[in-house]
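S.K.: Okay, handing you the structure first.
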Amino acid sequence: MDLLPNRKKRPQLSNDVANKLLANVFDACETEPNTVPLEKLASYSEYRRERYSLQKVILIIILIIFCLLPMCFVSPGFTIEKISEEDADYPTYEIKVSESIVPVALVSATLDGRSIPVYETGSRTYNVTPTDNGLMKVYVRLINRQYNYSDELDCGDMTVEGIDVTPPKLDPERHYERSEDHTLLYLYLVEEGSGLDYENSYGETLYGDVIYYPIEAESDPSQNLMVFEFPDESANFYIYDYKGNILQLVLSK
């Protein structure tokens, strides 16, 4: 269907008529007749038209590249904010990368040089939860390979502290005792952090038999005393606090 029905189409001339018209033009201008066949002139004109179209496309591509060139030098900016409660087991920090048209390629974090996990929680928003004390650094890279570090930006003090990473230990004065019949083991402990986790502490013999939980009737949490049944062979005892820190003891009867 012709979208422009009133538009006049350009008339098409046959090669014979076109040659005669061209000869008349040369004769009217009193110049020498054309010696180049009209077919070659027409093909050359088509060739020039194709070259012009190609040059136009190349110029458009160069213009687009020129307009996008500044994006290659855009470096990331970001902020870091502590969002967890003060009494949380572990602090959580939120990393927000500044809005830009350049997508984020990588966000990573280290604690005293050790890598720690970073989780994406939203558009250009990430969370990191260190489980140890130390100096935290954050690294952000965009897809244009421009990057930045937290210590090069105004991100405040990135020292993580206050996390309980000290396991329980034996009381230096009493250590441990055995009952007179050697069937019970009394462990006197010191825990100055989150407190002893009686429910998850246990023992295990060298043959894989598990000694579940301290004996409730004999143990005394107020004195940090745990009492286990003591097997006839050597056993490992795993004493936990509420932050997951562990004291491992290997004791023999």
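S.K.: Report for the range 169-251 the percent antiparallel among DSSP-assigned beta bridges with both residues inside it, nearest 5.
M.R.: Bridges in the range 169-251 are about 100 percent antiparallel.
S.K.: Right, here's the next one. Relative contact order of the range 124-253, please, whole-number percent, based on alpha carbon pairs below 8 angstrom and at least 6 residues apart.
M.R.: Details: 233 pairs, mean separation 27.2, N = 130.
Over the range 124-253, the number comes to 21 percent.
S.K.: So what does log10 I(q)/I(0) come out to for the range 56-136 at q = 0.14, 0.17, 0.20, 0.21 Å⁻¹, using the Debye formula with one equal point on every Cα and no solvent?
M.R.: Relative scattering, expressed as log10 I(q)/I(0), comes to -0.60, -0.76, -0.93, -0.99.
S.K.: Still on this structure, please answer the following. Given the peptides 238-245, 81-88, arrange them by the average over their residues of other C-beta atoms within 10 Å, most packed first.
M.R.: Order by mean packing, descending: 238-245, 81-88.
S.K.: Additional query: Can you tell me the length gained on complete extension of the stretch VAL250 to TYR238, counting 0.36 nm per residue apart and subtracting the Cα distance?
M.R.: Numbers: separation 12, 0.36 × 12 = 4.32 nm, distance 0.91 nm.
Answer, rounded to one decimal: 3.4 nm.
S.K.: If r is the Cβ-Cβ distance from VAL210 to LYS96 and R0 is 51 Å, what FRET efficiency results, to the nearest 0.05?
M.R.: Working from the Cβ atoms, E equals 0.65.
S.K.: When the Cα centres of the range 72-95 and the range 115-161 are compared, how far apart do they sit, in Å?
M.R.: 7 Å
S.K.: Which percent of Cα-Cα pairs in the range 155-253 sits in each 5 Å bin, short to long?
M.R.: Spelled out bin by bin, the range 155-253 gives 3, 13, 23, 24, 16, 8, 4, 3, 2, 2, 1, 0, 0 percent.
Coordinate-derived values only; no laboratory data. For clarity, every value in this text was computed on a predicted model and none was experimentally measured. Note that we place each Cβ from the backbone using ideal geometry, even for glycine, and neighbour counts take in every protein chain shown.
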